Amino acid sequence: MDGAGSMREDAPMPSESSRADARPHLDASPSDSNPPPSPPANASPDTELVRETQHLRQSREALHRMRERTAAMPAAAGDRLSGEFLKFTLWKRMKALEDDPEVPLFFGRLDYGPDGEQVGGGLPGERFYIGRRHVTDEHGDPMVIDWRAPISRPFYRATRREPMGVDLRRRFGFQHGVVTGYEDEPLTSPATGQTPPASGPQTSAILEAEIERPRVGPMRDIVATIQPEQDDIVRGDIATSVCVQGAPGTGKTAVGLHRAAYLLYTHRDQLSRQGVLVVGPNASFLRYIADVLPALGEIDASQSTLEELVGRVPVRGVDPLATALLKGDARMAQVLDRALWSLVRPADEALMVPIGSRRWRVPAYQVDEIVAELRSRGVRYGAGRAMLPQRLAHAVLVKMELAGDSPDDRVQASVARSRPTKALTDAVWPATDARRLVLRLLSDEAFLAAAADGILTPDEQALLLWAKPPKGPGSARWSLHDAVLIDEASDLLERTSSLGHVVLDEAQDLSPMMLRAVGRRCSTGSATVLGDIAQATTAWGVADWPAALDHLGKPAAVVEELTLGFRVPGDVIDFATRLLPSIAPRLAKPTAVRRARGELDVRAQPDVVAGAIDAVAGLVSAPGSIGLIVPDDLVATADARLSANGLDHSVLGNDDDIDARVDVVPASLAKGLEFDHVVLVEPADIVAAEVDHPTGLRRLYVCLTRAVTSLVVLHAEPLPAELG
């Protein structure tokens, strides 16, 4: 997973002797050279641990009281509808106040010195515990401050050069929800309130343990390990759309999810009405990240794959590559627009409406003028068709008034519903739906030619036409790209509702038309776009972010690049980035910031599957998750051989068990996931499975960068030349 860390409480913490004495500097300048002075030792480490443990216990008790008070609130309302709404609101509050004893309520502490300045609400001499949610005592005083509150920002941003009024920052180590250690980082001298001498770059043992901690199961939050450059993105303004170009292991997915949590906290009323949506590449990926937002107390965000988002028709077909590329081209939006509006025709005859003993006539030229005026207003097709009968009826009323009659609104409504008005509306502005429009476009050569004239070449038009047109929308074998076209047509008919914020992950794999589909869901809101051009594994994927953001409808989005890798080991990333000159020469090479270089083992193996089974068996005793990444056509073989050897496992894409120690991972589904240990089988076959050679190399790059601790590469065929 492209996350900077996870929150698991089963990793070893620093030794007893290091708990109070470790004073890491997390944002040191290269010129720092002297160690900081020690804070006064007014309490032994054991005494401090007892105090912090007591505060954790009291905080849990306070959270329990908050939940009990919520549960005791009566859902009394003036009517049944209001009562149901109140019950739902209380239920959501109860869910947000759930406590998991395995997850610590706080992970850090900020101590403001006696002469500290006010920063984000911090006052001199105050102490704040930073955690996943806000907890108050019976008097309303804070026991834990939500990590998203302005006063929490110094925990992520304060340095000895810019302490932001903070005298001391403390990080806590936990094991199964119990405080086991802490590290103190003095930011100003306790005696004088002055900035202490700068020191050389240091690393927090607790921070490293948190980032590198083994994991099994779904992704966890990274609130304890957010880095300054990540924090800037997370806390960005809701009105600003952000695109994060992130190398493997830089935490872009985690940043996107935490940005959603931050916005839900900061703009609760707005986003609870407008909604937040997370769009991921596949269902396995969404299951993997599903626990992050609920763990932070946020249950209002929804999740969807692109296929679910445009799921107006069942997807049962697959397009040839050339056809898929064309259907994903942004020019198809112009073709669809022209095809739809070509249905509107000039009036062949006047409107004749009998009212009482008289007949009222609206001439054909006036009908055309009304239609032209409606179209000039830029209305959607469906809205214009609904407005036309009323405009025709109004024209009749004007004629009646000029003749001396005094018609009222009931007469206008009657004329609008009359048979002659409906018949003329159907003739001039016929009804249609998105499926039938796209079906006709892909099966009617003359209709397609008229709509695509000057936009698509004759050869391109031939690629779009079905060899054997289906009898109707229900019998068509729609592809995913067809579903995207239908979604575009639906928006031309009726405006798609916009959400307040959309998080789009793995955006580099989407075609221009797919990006338009997502962009419609946040047309009046903002977006957080996450991706890595080097990991674009579709032939229609993103070539550069400015063009992609333009298709998304967010051309003014800010592009941020993350290159510091917190999860992928140095040896592994160095090996994988040998592919960058071939797959993304303009991207900066990612840098691993971990001390541990990781374990890399690349070896030839005559029987790669047998070698992979042996490698997995050897890793089962090691802590953490194991991913066996194989070419898609070897999934069944790997599954059978693991079962034959008695190794419990799941098969990604077939099983819903995301807590398995061992996963068989088809190369096509590896994107976005991470494992402590990866065994990668036959790189050459992974590359060869892609029609486009650069795309195959990108797929291999994805697979090589899923490892957090160790990577074993087994090959019978020669390695791709790009790996050197």
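The values are calculated or read from the model by the stated rules, or taken from the named source; none is laboratory data. Computed from a prediction, not measured in an experiment: that's the story for all the values here. Virtual Cβ from ideal backbone geometry, glycine too; neighbours counted across all protein chains shown. Surface areas here come from the heavy atoms of the whole protein model, side chains and all, with no ligands, DNA or RNA. Shrake-Rupley method; radii C 1.70, N 1.55, O 1.52, S 1.80 Å.
Data table
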read-out	value
Lone unmet requirement of (1) open to solvent by 40 Å² or more (accessible area, probe 1.4 Å); (2) assigned to a loop (DSSP other than H, G, I, E, B); (3) more than 30 Å from residue 721 (Cβ to Cβ) for residue 586	(3)
Matching entry among 568, 542 (being over 15 Å from residue 507 (Cβ atoms) and at pLDDT below 95)	568
Residue in region 227-235 that is surrounded by 18 or more Cβ atoms within 10 Å (Cβ to Cβ), part of a loop (DSSP other than H, G, I, E, B), in contact with a helix residue (DSSP H, G or I) (Cβ under 7 Å, 6 or more places away or on another chain) and at pLDDT 90 or above present	yes
Top-ranked residue in region 381-400 [being closer than 16 Å to residue 363 by Cβ and small (Gly, Ala, Ser); ranked as surrounded by the most Cβ atoms within 10 Å (Cβ to Cβ)]	393
Verdict on residue 446 being of a type in the set (Gly, Ala, Ser) and open to solvent by 70 Å² or more (accessible area, probe 1.4 Å)	yes
Matching residues, region 401-419, being part of a helix (DSSP H, G or I) and surrounded by 18 or more Cβ atoms within 10 Å (Cβ to Cβ)	412, 415, 416
Candidates 499, 515 - the one that is in contact (Cβ under 8 Å) with a residue 24 or more places away in the chain, open to solvent by less than 10 Å² (accessible area, probe 1.4 Å) and either under 20 Å from residue 331 (Cα atoms) or not in a helix (DSSP H, G or I) (or both)	515
Helices (runs of 4 or more DSSP H) contained entirely in region 623-724, each with at least 1 residues that are under 23 Å from residue 506 (Cα atoms)	683-688, 693-704
Residue in region 373-380 that is farther than 30 Å from residue 509 by Cα, open to solvent by 20 Å² or more (accessible area, probe 1.4 Å), touching a Leu at 6+ places or on another chain (Cβ under 9 Å) and of a type in the set (Asp, Glu) present	no
Lone qualifier among 437, 485, 442, 463 - being under 22 Å from residue 511 (Cβ atoms), without any contact (Cβ under 8 Å) to a residue 60 or more places away in the chain and part of a helix (DSSP H, G or I)	442
Residue list for region 549-564, filter: open to solvent by less than 70 Å² (accessible area, probe 1.4 Å), outside any loop (DSSP other than H, G, I, E, B) and either touching a Lys or Arg at 6+ places or on another chain (Cβ under 9 Å) or without any contact (Cβ under 8 Å) to a residue 40 or more places away in the chain (or both)	551, 552, 562
Residue, modelled with the highest pLDDT, within region 76-119, restricted to residues that are in contact with a Phe, Trp or Tyr (Cβ under 9 Å, 6 or more places away or on another chain) and among the aliphatic types (A, V, I, L, M)	110
Selection count, region 294-321, where residues are modelled with pLDDT of 95 or more, of a type in the set (A, V, I, L, M) and exposed (fewer than 15 other Cβ atoms within 10 Å of the Cβ)	0
Top-ranked residue of region 160-189 - restricted to ones that are surrounded by fewer than 18 Cβ atoms within 10 Å (Cβ to Cβ) and more than 16 Å from residue 129 (Cα to Cα), ranked as modelled with the lowest pLDDT	189
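The rows are residues; the columns are (1) touching a strand residue (DSSP E or B) at 6+ places or on another chain (Cβ under 9 Å); (2) crowded, with 22+ Cβ neighbours inside 10 Å; (3) more than 26 Å from residue 284 (Cβ to Cβ).
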| position | (1), (2), (3) |
| --- | --- |
| 571 | yes, no, yes |
| 582 | no, no, yes |
| 593 | yes, no, yes |
| 603 | yes, no, yes |
| 625 | yes, yes, no |
| 629 | yes, yes, no |
| 640 | no, no, no |
| 644 | no, no, no |
| 649 | yes, no, no |
